[in-house]
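In what follows, a structure is listed as structure tokens, so that the remarks can point back to it.
The values are calculated or read from the model by the stated rules, or taken from the named source; none is laboratory data. Here the structure is a predicted model, which is why all the values come from computation and not from measurement. Ideal geometry is used to build each Cβ from the backbone, glycine not excepted, and the neighbour counts take in all protein chains shown. Side chains included, ligands, DNA and RNA excluded: accessible areas come from the protein's heavy atoms. Shrake-Rupley method; radii C 1.70, N 1.55, O 1.52, S 1.80 Å.
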Amino acid sequence: MSNLKNRLIEELIEREGGYVNDPTDRGGETMYGITLSVARENGYQGAMRDLPYELAFKIYQDRYWTPLKLDDICRISETLTEQLFDFGVNSGANRAGKCLQKVLNVLNNRQTLYPDLVADGVVGSRSLYALNKYVEHRKQNGLKVLIEAVRSMRISFCINIAVKDESQEKYQFGWLQRVVHL
């Protein structure tokens, strides 16, 4: 699992690239995809251009990997792990967690597979139990459906950003391409 975590974080940092300061990007100034505000929340006070790679890696691990319980989820599916990690980075770990919980709720056949989850974005033992019970019942085909449903909700979220704010249309193709090709 640590090999997968290291690989996915390294690939994500490479995708995010180096220093960016696009005034129309709602994320603002970034380095390796880490925003200025997130860097400051993690104690970094230097220039964003100088943000150490190791700190970026640690932030991705602590802020996005760990809260989504991806060490546990990767035992079930590396593909789901990758989708949730990238979703969490781009849209917030809480949003990715809520999405997973909502999809699990609508796929549980009126609570016959497991009890409904509170869609609060906190991936804990109940969410992991539901995911395990779902996969136990629906097998690999069900896992594929779950992953595509999560991906679809992510795409819908990205589109709605531009629907609400036309200035964000300039990013849509890149955002959607990233999700589709992940």
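Per residue, how many Å² of accessible area does the chain show with a 1.4 Å probe?
I get 54 Å² per residue for the chain.
Helix 93-106 versus the longest principal axis of the chain: what angle, 0 to 90°, nearest 10, using Cα atoms?
Roughly 20 degrees, rounded to the nearest 10.
Using a 1.4 angstrom probe and counting only protein chains, how large is the accessible area of residue 135 in Å², to 10?
20 Å²
Among 155, 59, what's the order by accessible area (1.4 angstrom probe), most exposed first?
Greatest to least solvent exposure: 155, 59.
What ³J(HN,Hα) values, in whole Hz, does the Karplus curve 6.51 cos²θ - 1.76 cosθ + 1.60 give for the stretch 27-44 when θ = phi - 60°, with x put for Gly and Pro?
x, x, 5, 9, 9, 6, x, 7, 6, 4, 5, 5, 4, 5, 4, 9, x, 7
Hey, got the dipole for the stretch 75-154? About the Cα centre, +1 on K and R Cβ, -1 on D and E Cβ, debye to the nearest 20?
180 debye
Sequence neighbours fewer than 8 away in the same chain don't count; with that in mind, list the lysines whose C-alpha is under 20 Å from residue 69.
5, 58, 98, 102, 133, 144
Once amide H atoms are placed 1.01 Å from N in the peptide plane, what residues at a sequence separation of 5 or more from residue 34, or on another chain, have their amide H within under 5 Å of its amide H?
Amide H neighbours of residue 34: none.
I need the per residue convex hull volume for the chain, using only the alpha carbons, in cubic angstrom as a whole number.
115 Å³
By average Cβ neighbour count within 10 Å, what is the ranking of 61-74, 4-17, 78-91, 98-111 from highest down?
Per-residue Cβ counts within 10 Å, averaged per peptide and sorted highest first, yield 78-91, 61-74, 98-111, 4-17.
Kindly express, to the nearest 10 degrees and within the range 0 to 90, the angle between helix 169-181's C-alpha long axis and the longest C-alpha principal axis of the chain.
Compared with the principal axis, the helix lies near 50 degrees.
Could you give the angle, 0 to 90 degrees to the nearest 10, between helix 2-16's Cα long axis and the longest principal axis of the Cα atoms of the chain?
For 2-16 against the chain, the angle is about 50 degrees.
Could you give each residue of the stretch 52-66 its phi-based ³J(HN,Hα) in whole Hz, using Karplus coefficients 6.51, -1.76, 1.60 with θ = phi - 60°, and x for Gly or Pro?
Per residue, the Karplus-derived 3J(HN,Hα) values read x, 3, 4, 5, 4, 4, 4, 4, 4, 5, 6, 8, 10, 6, 5 Hz.
Share of the chain's accessible area from carbon and sulfur, percent, 1.4 Å?
Its accessible area is 50 percent carbon and sulfur atoms.
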